[in-house]
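The values are calculated or read from the model by the stated rules, or taken from the named source; none is laboratory data. Note that this is a predicted model, so its numbers are computed, not measured. All Cβ positions, even for glycine, are placed from backbone atoms using ideal geometry, and neighbour counts span all protein chains on display. Surface areas here come from the heavy atoms of the whole protein model, side chains and all, with no ligands, DNA or RNA. Shrake-Rupley method; radii C 1.70, N 1.55, O 1.52, S 1.80 Å.
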Amino acid sequence: METAEQTLMQSPMMQSFLLFVYTHGFWLRLGLMALLALAAVFGARLYRRLVGALRKKLARYMPEWLQILYDGFSEPLVLLLRCLLIYWAVLAAPLPLSVSQVNQLAGPAFSAAVIGLLGWGLWRSEGLCGLLLRSAQNRLDLESNKTMTRFFEKIFRALVAAAAVLAILELFGVPVAGLLAGAGVAGLAVSLAAQSTLSNLIAGITLVMERPFGIGDYIVLGSFEGTVEEISFRSTKLRTPDNCLITVENSKVSAEYIQNVTTRNSRLWNFVIGVTYDTPRDRIEALCADLTALCQAEPMVLADTVQVALIGFGASSIDIDLRMYVTTLGLNDFRALKNRLNLQIMDLMERRGCAFAFPSTSVYLEKTPAP
């Protein structure tokens, strides 16, 4: 496989450049080296303007996949041009070395830079994963969402990085085939230690494919709850209501009962009001009727789901149970609704002459007759 500098050295333009450089004197080569170095260092702004102007003119004619590639490779290509100018400047330098000797020193570095910049361009073009998922949606019944897109973007980036590293290692004479074979043997030795990592990876793929939740969803996961911020190979990150970031291993996420709050169309609100035992029956009946009317009149409450019933007799109170479904899904809106209705219930209790019960103890003193 030819390296980047070998391909470049065999090009007619490069042959002409070398012929021109090595047939002229010291000062001309020094001036050419300085000119190329200045162009590499100070020409970046001009290169970026040319790339941006070309992007604006061709945007309407380019398909989406080509726009992603253009944007991904725009900056790496600018740096690649700078590397090429620096490489030419090194070749033009008036060094006491032959062209082959200079190329042996600078060529591998230039080839490594080319491979790294091409890998960076592919790294920046991870948007192709989302495009492929959208195109496969009708065939594979896959919902185009940012959760699956971001997950496969990470896999894509990992593969690009691995391929670039292996190519650079092979460029510098490292036996990549031997390393891969050795990695296969070593993989058997570390497989037991990597069981948890492998289980987390498989669980992460399962979560992405089955989609019990996505990025941005509010979920309840065992004793934790919060908004999903990231699903990676190993873990899932939740942002709790008190703004803490919790990282949970994917294997543990899959083993829990997952409640996706975002996907529901209503929220259950169930609470108990305790009234004192000295409250007459007629007042309790009127209070239950008024509580039903009060809750049904609230626009955010589903009127046909309101249930108010005397459910039992506690140690210190007569317990009235209120159960309803509300359409406020967000936590802040739900708290505001609870605040508003609770204040109205306090006013209703006062109008009806009913008092809230609280834990109390009655002590009876018995006077014993003197002997």
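Suppose we filter Lys367, Lys338 for residues that are of a type in the set (Lys, Arg), part of a loop (DSSP other than H, G, I, E, B) and either touching a strand residue (DSSP E or B) at 6+ places or on another chain (Cβ under 8 Å) or without any contact (Cβ under 8 Å) to a residue 24 or more places away in the chain (or both); which single one remains?
Being of a type in the set (Lys, Arg), part of a loop (DSSP other than H, G, I, E, B) and either touching a strand residue (DSSP E or B) at 6+ places or on another chain (Cβ under 8 Å) or without any contact (Cβ under 8 Å) to a residue 24 or more places away in the chain (or both) holds for just one of Lys367, Lys338, which is Lys367.
If you take the residues in the range 321-333 that are open to solvent by 20 Å² or more (accessible area, probe 1.4 Å) and either touching a strand residue (DSSP E or B) at 6+ places or on another chain (Cβ under 7 Å) or among the hydrophobic types (A, V, I, L, M, F, W, C) (or both), which one is nearest to Asn265 (Cα to Cα)?
Step by step, filter the range 321-333, then rank; the result is Leu329.
Considering each of Leu97, Leu117, Leu105, Leu91 in turn, give the residue that is open to solvent by less than 30 Å² (accessible area, probe 1.4 Å), modelled with pLDDT under 75 and hydrophobic (A, V, I, L, M, F, W, C).
Leu91
Could you list, in sequence order, the residues of the range 216-233 that are open to solvent by less than 50 Å² (accessible area, probe 1.4 Å), closer than 19 Å to Ala158 by Cβ and in a loop (DSSP other than H, G, I, E, B)?
Result: Ser232, single match.
Please determine, by comparing only the residues of the range 246-257 that are touching a strand residue (DSSP E or B) at 6+ places or on another chain (Cβ under 6 Å) and not in a helix (DSSP H, G or I), which one is surrounded by the most Cβ atoms within 10 Å (Cβ to Cβ).
Applying the filter and picking the extreme gives Glu249.
Between residues in the range 297-319 that are free of Cβ contacts under 8 Å to residues at least 12 places away in the same chain and more than 28 Å from Pro280 (Cβ to Cβ) and residues that are among the hydrophobic types (A, V, I, L, M, F, W, C) and open to solvent by less than 30 Å² (accessible area, probe 1.4 Å), which pairs lie under 9 Å by C-beta distance while being six or more apart or on different chains?
Filtered contacts from the range 297-319: Ala303/Cys295; Ala303/Met324.
When residues of the range 294-320 are filtered for being of a type outside the set (Val, Ile, Thr), surrounded by 15 or more Cβ atoms within 10 Å (Cβ to Cβ) and part of a strand (DSSP E or B), how many remain?
Within the range 294-320, residues that are of a type outside the set (Val, Ile, Thr), surrounded by 15 or more Cβ atoms within 10 Å (Cβ to Cβ) and part of a strand (DSSP E or B) number 2.
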